1. Do you know which residues across segment 35-52 are exposed (fewer than 14 other Cβ atoms within 10 Å of the Cβ) and of a type in the set (Phe, Trp, Tyr)?
2. Specify the residue that is farthest from Gln57 (Cα to Cα); the eligible residues are those in segment 2-43 that are of a type in the set (Lys, Arg) and outside any helix (DSSP H, G or I).
3. Which residue pairs have Cβ atoms under 8 Å apart, sit 6 or more places apart or on different chains, and have a first residue in segment 9-26 that is free of Cβ contacts under 8 Å to residues at least 40 places away in the same chain and under 12 Å from Arg39 (Cα atoms) and a second that is loosely packed, with under 15 Cβ neighbours inside 10 Å and of a type in the set (Lys, Arg)?
Amino acid sequence: MATKYTCSSCPEWWTGTRTAHCSVCHRTFGGERGFTMHRKNFACVAPEALGLTQDAQGIWRMPAPRKSLKSRAQQQEGAV
């Protein structure tokens, strides 16, 4: 069973050792990168304004990387 982590200042909880919870705005992020992106000049930026999306558990996550057109073309060449 996964360890349940909690915030002492709000009712939020999460699992996972890479998950990051902001003690200022009390949003929870799927990793350090999203958390760091949302902090600008010692203030919190709305995650949706940064392109982050919230999953079913309420965790803010980075969008899935999109394959470039070049990458797709290279894959198609290899399939021929």
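Values quoted throughout were computed directly from the atomic coordinates according to the rules given, and no laboratory measurement underlies them. Since we're looking at a predicted model, the values are computed, not measured. Cβ: placed from backbone, ideal geometry, glycine included. Neighbour counts: every protein chain shown.
1. Correct list: Phe42 only.
2. If we take residues in segment 2-43 being of a type in the set (Lys, Arg) and outside any helix (DSSP H, G or I), then Lys40 is farthest from Gln57 (Cα to Cα).
3. Short answer, once both residue conditions are applied: Cys22/Arg39.
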